Amino acid sequence: MPASPRIVNPQYLVETDWLAAHLADPELRVFDCTTFLDPDPVKTFVVRSGRPEWEQGHIPGAGHLDLQELSDAASPLRFTMPSAEQFAAAMSRHGVADGTRVVLYSAGSVIWAARIWWMLRAFGFDNAAILNGGIDKWKAEGRPLSTEAPRPAPARFVARPRPEMIATKSQVAAAIADPRVRVVNALTAKQHTGEAGANYGRPGRIAGSVNVPAHRLVDGESKVFLPAGELAAMFAETGADRAEKVITYCGAGIAASADAFVLALLGHDNVALYDGSLMEWVKDPAAPMETGPEKPR
């Protein structure tokens, strides 16, 4: 990552003004990626599609991508990466192909748009961006909404998988003892220490990991990403800016996508996302966890 805090890859982020001016571009595809996690005392969270809210009003021309439908239905873990064939078929139905410009947004939290952005990158598609501030900022600015569903012409999405962008449990385990790698937890500070908040079977964090909470990456009111200097400082405090490789994780690989996105925005080009995250890690009693303050590393 460069020493000077700046956005190295500005093409990954677009502003509402830009999107408003380009909505009629024939090669543009806009997608609402919203999913909701409703608290549940038994299952931790119940997943709810954002499609009904999309139907009530969305950015004109925007389709809806349901992450549950894009994830691997055969996996015992929630939200895991699908096969290249499944993902390519879904993107093709939605009119995404080489030459398409994709803009992603979500309501309430950027993590859902970030997850699908990371999936697109992991399958070799680089021409995607996140709408800064999402639909929250769009609405706050009084911009138009639509209830009309787009009807894009089917396209041919060609998946070109980049397995190095998705970390496995064994790779995370190896990273714990590797000083060249930083494992970054995107959950809240209290979840990281095990003090409070939802846990996934065992409280705390993967041993040796550091914490950059995804919710701190954006302004809580406007939902806009913080300035580059502040974003870079958060990762610098953990040593992630000096690491040869960074692996991000959370509960199910969603919040971790926002951390991974910001690292990419800042120019860190060796980042992987632990797809199974704590939902997989905690199931193995031998997989080390820690609680309390971070230990010096």
Can you list which of the trypsin sites (Lys or Arg not before Pro) found in the stretch 18-73 are DSSP loop residues with at most 11 other C-beta atoms within 10 Å? 43
Using only Cα atoms and rounding to the nearest 10 degrees, what angle (0 to 90) does helix 228-238 make with the longest principal axis of the chain? 30 degrees
Rg and Dmax of the stretch 164-290 over Cα atoms: what are they, in angstrom? 13.5, 42
Taking Rh as the Kirkwood radius computed over alpha-carbon pairs of the chain and applying Stokes-Einstein at 4 °C with viscosity 1.567 mPa s, one gets a diffusion coefficient in µm² s⁻¹ of 67 µm²/s
Cα-projected label distance for residue 222 with residue 158, points at 7 Å along beta-carbon direction, nm: 4.1 nm
Relative to the first principal axis of the alpha-carbon coordinates of the chain, what is the inclination of helix 255-265, with its axis defined by its Cα atoms, in degrees from 0 to 90 and to the nearest 10? 80 degrees
Mind putting a number on the dipole of the chain about its Cα centre? Charges go on the C-beta only, +1 for Lys and Arg and -1 for Asp and Glu, and I need it in Debye to the nearest 20. 460 debye
Distance in nm between pseudo-label sites at residue 127 and residue 140 (7 Å out along the Cβ direction from Cα): 3.1 nm
The alpha-carbon center of the stretch 58-106 and that of the stretch 216-263 are separated, in whole Å, by 23 Å
Across the stretch 20-36, in residue order, what do the Karplus-derived ³J(HN,Hα) couplings come to in whole Hz, using 6.51 cos²θ - 1.76 cosθ + 1.60 with θ = phi - 60° and x for Gly and Pro? 4, 7, 10, 4, 8, 4, x, 8, 8, 10, 10, 9, 7, 10, 5, 10, 10
Provide the gained length on full extension for the span residue 28 to residue 236, in nm with one decimal, where the gain is 0.36 nm per separating residue minus the Cα-Cα distance. 71.4 nm
Across the chain, where is the longest run that never hits GluC sites (Glu not before Pro) in a DSSP loop with at most 16 other C-beta atoms within 10 Å? 28-140
As a check on your grasp of the helix formula, calculate [θ] at 222 nm for the chain: sum -39500 (n - 2.57) over DSSP H runs of n ≥ 4, divide by the residue count, round to the nearest 500. -7500 deg cm²/dmol
What is the sum of charges around residue 50, taking Lys and Arg as +1, Asp and Glu as -1, for the other residues whose C-beta is under 14 Å from the C-beta of residue 50? -4
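Values in this text are rule-based calculations from the coordinates and carry no lab data. For clarity, every value in this text was computed on a predicted model and none was experimentally measured. Methodologically, a virtual Cβ is constructed for each residue, glycine included, from the backbone with ideal geometry; neighbour enumeration extends over all protein chains shown.
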